[in-house]
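What follows is a short report on a single structure.
What follows draws every value from the coordinates through simple rules; no lab data is involved. As the structure is a prediction and not an experimental result, all values here were calculated from the model. Note that each Cβ is placed from the backbone with ideal geometry, even for glycine, and that neighbours are counted across all protein chains shown.
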Amino acid sequence: MEPTDYGNIHNRYITLWKAKAVNSNALLSLIVAPEAEEAVAAWLLDDETIPGFSSTPIAGHGSSESSMTLAEQVAGRRRRVMFFTHLEQSVAERVLERLREDFPGADIHYWIAPVLVAGHLG
């Protein structure tokens, strides 16, 4: 069995998704510090292109110990808040551009993922 070139598969998938993603469904996820929660929530609520969003407290685990407090290093995690919203991919990209402008220097981690199926039950 030949080794799989995951990097090539990933790049082909992203290229295909972007080609079809002009108005594709996407999930925009934002990870922010708890101190920024209220400001980011207010910003998202004020943005008319965002139909709604969810938020939840989370624990971040990772290798960025240099940016963690001593208490966070001892605990092995840092408190964060995750926001996520279901948008068209092009809208999600514009939201990120505006976030960059309005929250310069903010430690906001993000990703955009395709939504294959979405709807309401009941």
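A few comments on the model shown:
- Rounded if a/c under 1.5, otherwise prolate or oblate - segment 83-122, Cα gyration tensor axes: prolate
- The ranking of Trp43, Trp111 from fewest to most other beta carbons within 10 Å of each one's beta carbon is Trp111, Trp43.
- Vicinal HN-Hα couplings computed from phi for segment 112-120 (Karplus, 6.51 cos²θ - 1.76 cosθ + 1.60; Hz; Gly/Pro x): 10, 10, x, 9, 6, 9, 8, x, 10
- Ordered by the number of other Cβ atoms lying within 10 Å of each residue's own Cβ, fewest first, Glu88, Glu38 fall into the sequence Glu38, Glu88.
- Residues Val117, Val32, ranked from the fewest to the most other C-beta atoms within 10 Å, line up as Val117, Val32.
- Rough spin-label spacing in nm, given labels placed 7 Å along Cα→Cβ, for Ile58 and Ala42: 2.4 nm
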